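Asks: Once you've had a glance at the structure underneath, I'll fire off some questions.
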Amino acid sequence: MKLFITGIGTEIGKTVCSAVLVQYFKADYWKPVQSGDLHYSDSHKIETWTENTICHPETYRLQLAASPHQSAREESIQIDLDHFQVPETENALIVEGAGGLMVPVSDNRFMIDLIETLHLPAALVVRNYLGCINHSLLSIMALQQRNIRLEYLILNGEFPEDTERVICSFIENDTKIIRIPEIPDTDKEQIKIAAKHLTITKL
């Protein structure tokens, strides 16, 4: 099982959800592009929050905390999709993207292009906020237009019933739904508890 974790925007909990899935599936972890926070990267967080996880090295490690295309330009680097290779492993693999689907990795290539290039199914992380329905449906539409399989819709935190109903009504019947409760203080114990109680359902 290999899975690309993306989201409907930034700061919606992709890394926390990735940690829960790493713990649940006993998976390896790979962050293809890390922009900024190199002293405490998402790979470092996964190592801290999960047990005995193999974190494969990033293809690009960029200093500036910004969109990858901007961070790369600051260092006179051109991100090339052909340079990305899915790590070889006998374990399951959780791959975490940067930001949402249309985050640029160059002036004319986006995170959704990376998913397509890697030939991986996607898991879309959704968090409740004003505008999340719009962002969720646009993201689902973008994946459908590229024929990228949406393996999981991940509902991160609590949702009003009306919001959840509309978002879930827009996915395909074979897309599974994962509900991850709010994790206020992220640490190894809380991730372990969330993974233990993780539920995977269908419509």
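Asks: For region 96-203, with only Lys/Arg (+1) and Asp/Glu (-1) charged at the beta-carbon, what is the dipole magnitude about the Cα centre, in debye rounded to 20? Kindly include the intermediate steps, with their values, before the conclusion.
Replies: Details: 11 positive and 15 negative charges, 53 e Å.
Approximately 260 debye in magnitude.
Asks: While we're on this one: Give the carbon-plus-sulfur fraction of the accessible surface of the chain in %, rounded to a whole number; probe 1.4 Å, heavy atoms of protein chains only.
Replies: Reported share for carbon and sulfur atoms: 47 percent.
Asks: To the nearest µm²/s, what D does Stokes-Einstein give for region 136-200 at 10 °C and 1.306 mPa s, using the Kirkwood radius over alpha carbon pairs as Rh? Present the calculation step by step, with values, prior to reporting the outcome.
Replies: Values: Rh = 13.2 Å.
The Stokes-Einstein estimate is 120 µm²/s.
Asks: Then there's this: Anything over 18 Å Cα to Cα? Flag those among Lys2/Lys202; Lys14/Lys188; Lys45/Lys192; Lys45/Lys176, in the order listed. All intermediate terms of the calculation are to be shown ahead of the outcome.
Replies: Numbers: Lys2/Lys202 20 Å; Lys14/Lys188 16 Å; Lys45/Lys192 14 Å; Lys45/Lys176 26 Å.
From the list (Lys2/Lys202; Lys14/Lys188; Lys45/Lys192; Lys45/Lys176), the Cα-Cα distance tops 18 Å for Lys2/Lys202; Lys45/Lys176.
Asks: How many Å² of accessible area per residue for the chain, probe 1.4 Å? Provide the component values of the computation, followed by the final result.
Replies: On the way: 10090 Å² over 203 residues.
Per residue, the chain has an accessible area of 50 Å².
Asks: Follow-up. What is the Rg over Rh value, at two decimals, for the chain, using alpha-carbon atoms and the Kirkwood definition of Rh?
Replies: Numbers: Rg = 16.0 Å, Rh = 17.0 Å.
Reported Rg/Rh, Kirkwood definition of Rh: 0.94.
Asks: At a 1.4 Å probe radius, which order do Arg127, Arg149, Arg73 fall into by accessible area, largest first? Could the numbers behind the result be given before it?
Replies: Details: Arg127 65, Arg149 100, Arg73 190 Å².
Final ranking, largest accessible area leading: Arg73, Arg149, Arg127.
Asks: Would you calculate, for the chain, the mean residue ellipticity at 222 nm contributed by helices, counting each DSSP H stretch of 4 or more residues as -39,500 (n - 2.57) and dividing by all residues, to the nearest 500?
Replies: Working: 7 runs with 66 residues, N = 203.
That calculation yields -9500 deg cm²/dmol at 222 nm.
Asks: Please identify every one of the GluC sites (Glu not before Pro) in region 1-92 that sits in a loop by DSSP and has no more than 16 other beta carbons within 10 Å of its own beta carbon. Mind dumping the intermediate values first?
Replies: Numbers: sites: Glu11, Glu47, Glu51, Glu58, Glu74, Glu75, Glu88, Glu90; in loops: Glu11, Glu51, Glu58, Glu75, Glu88, Glu90.
Of the GluC sites (Glu not before Pro), the ones in loops of region 1-92 whose Cβ has at most 16 other Cβ atoms within 10 Å are Glu11, Glu51, Glu75, Glu88, Glu90.
Asks: Further, regarding this structure: Which order do Val103, Val95 take by accessible area at a 1.4 Å probe, largest first? Spell out each step's value before the answer.
Replies: Working: Val103 30, Val95 0 Å².
Reading off the accessible areas and sorting them downward yields Val103, Val95.
The values are calculated or read from the model by the stated rules, or taken from the named source; none is laboratory data. All values reported here derive from a predicted model rather than from experimental measurement. Neighbour counts run over all protein chains shown; Cβ positions are idealised from the backbone, glycine included. Ligands, DNA and RNA are excluded from the accessible area calculation, which covers all protein heavy atoms including side chains. Shrake-Rupley method; radii C 1.70, N 1.55, O 1.52, S 1.80 Å.
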